[in-house]
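The values are calculated or read from the model by the stated rules, or taken from the named source; none is laboratory data. If you're wondering where the values come from, they're calculated on a predicted model, not measured in any experiment. We place every Cβ from the backbone using ideal geometry, glycine too, and count neighbours over all the protein chains shown.
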Amino acid sequence: MNITQVFNQKKPVLSFEIFPPKKASALESIDETLAELCRLKPDFISVTFGAGGSTVDNKTIELGRKIKNDYSIEPLIHLTCLNYNKEEILEILRKLHKEELNNILALRGDESPDIKPKAEFKYASELVTFIKNHGDFSVSGACYPEKHLEAKDAVTDIHNLKMKVDAGAGHLISQLFFDNQVFYNFYEKTRIAGINVPISAGIMPVTNKKQVERMVSLCGASLPLKFKRILDRYENNPEALFDAGMAYAINQIVELIAAGVDGIHIYTMNKPIIARRICEGIKTLI
Ligand code: FAD
């Protein structure tokens, strides 16, 4: 199944993100999580990819294969390029093709202090072009409603995003955000810039204050006052914060769906309870 085409058939498209367990031996333990997530019948599940370096991240491919073959859900395989050369990326593409994993989220990745970038790919758009030239893959890309942290300004970032779409990214998934108005403004700017591909809104249901603070420092998402109040009031009451975090995320999703969003992408953090609670709250809307 070509994920980009699903957006022509259905609105909104529902998807989840999961990450492979750290140890290869723990891949079995993900079964329980997967079974729960797949029962909720998302349209696709995306699987994150490590920063890379000397070894190719096979766990992502293994997990993608499991999602496709054992649960009959389409996986979207994340692939980062900064720390790989062209031959290594080609090798990964061959493996993906062999496993019939034909949907790729093409990413640049971030520099890591321990790994020297291979410098054959500088930006995700170059990876998109490379993938498109080496097989029949459907390619998605990442986007940033509050601009990418390294971008000089929002206009430059959208200009660069347009290059990624022109290179062949047929669908975008947004970075998490907590203020829907930020997403609506961004979406409008993409249309003005001539970016006409569907955009899935990335929603991170929050379950603890430290996690939000860490995420926000990493990605630069802003925290609206009403959300900060929830964090401050319930930071020492995990159960109340969980309930309030789920309610906030559900409310965000309901508003986005009412506004006609193309897709909802839930960062599940491998916790089925999060996906279950959210799906419960929106089951008649999807
Ligand atoms: P790019 O699109 O290349 O953009 C990076 C920066 O370069 C931006 O500031 C952009 O404006 C600028 N830029 C782009 N093109 C040009 C150009 N031609 N000239 C000048 N500047 C340019 N990381 C992982 O390691 N593994 C994952 O699985 C993973 N999954 C992710 C999923 C989603 C939905 C998102 C939003 C992010 C994910 N990331 C992941 C993080 C991602 O790798 C980082 O955010 C990274 O910093 C940027 O990746 P990108 O693909 O958006 O890069």
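Selection over the stretch 62-87 of residues that are in a helix (DSSP H, G or I) and not aliphatic (A, V, I, L, M) gives a count of 10. Being within 22 Å of residue 58 (Cα to Cα) and not in a helix (DSSP H, G or I) is the filter; apply it to the stretch 16-41 and report the residue that is farthest from the ligand (Cβ to nearest atom). Taking the candidates together, the pick is 23.
The condition of being buried (at least 17 other Cβ atoms within 10 Å of the Cβ), outside any helix (DSSP H, G or I) and at pLDDT below 95 holds for only one of 197, 206, 212, 139, that being 206. Considering 126, 150, the condition of being more than 17 Å from the chain's Cα centre (by Cα) and surrounded by 16 or more Cβ atoms within 10 Å (Cβ to Cβ) is satisfied by 126 alone.
May I ask you to list the residues in the stretch 98-116 that are more than 21 Å from residue 74 (Cβ to Cβ) and surrounded by 20 or more Cβ atoms within 10 Å (Cβ to Cβ)?
First, pick out the residues of the stretch 98-116 that are more than 21 Å from residue 74 (Cβ to Cβ): 108-116.
Within the stretch 98-116, 108, 109 meet the criteria.
Would you tally the residues in the stretch 162-184 being near the ligand (Cβ under 10 Å from one of its atoms) and within 22 Å of residue 217 (Cα to Cα)? Selection size over the stretch 162-184: 4. Pairs meeting the criteria (first residue in the stretch 64-78 and among the small types (Gly, Ala, Ser), second residue surrounded by fewer than 24 Cβ atoms within 10 Å (Cβ to Cβ) and assigned to a loop (DSSP other than H, G, I, E, B), beta carbons under 8 Å, at least 6 apart or on different chains) are 64/99; 64/101. Selection of the stretch 104-129 for residues being modelled with pLDDT of 95 or more, in contact with a Phe, Trp or Tyr (Cβ under 7 Å, 6 or more places away or on another chain) and more than 9 Å from the ligand (Cβ to nearest atom) yields only 104.
In this structure, residue 152 does not satisfy being near the ligand (Cβ under 10 Å from one of its atoms) and not in a loop (DSSP other than H, G, I, E, B).
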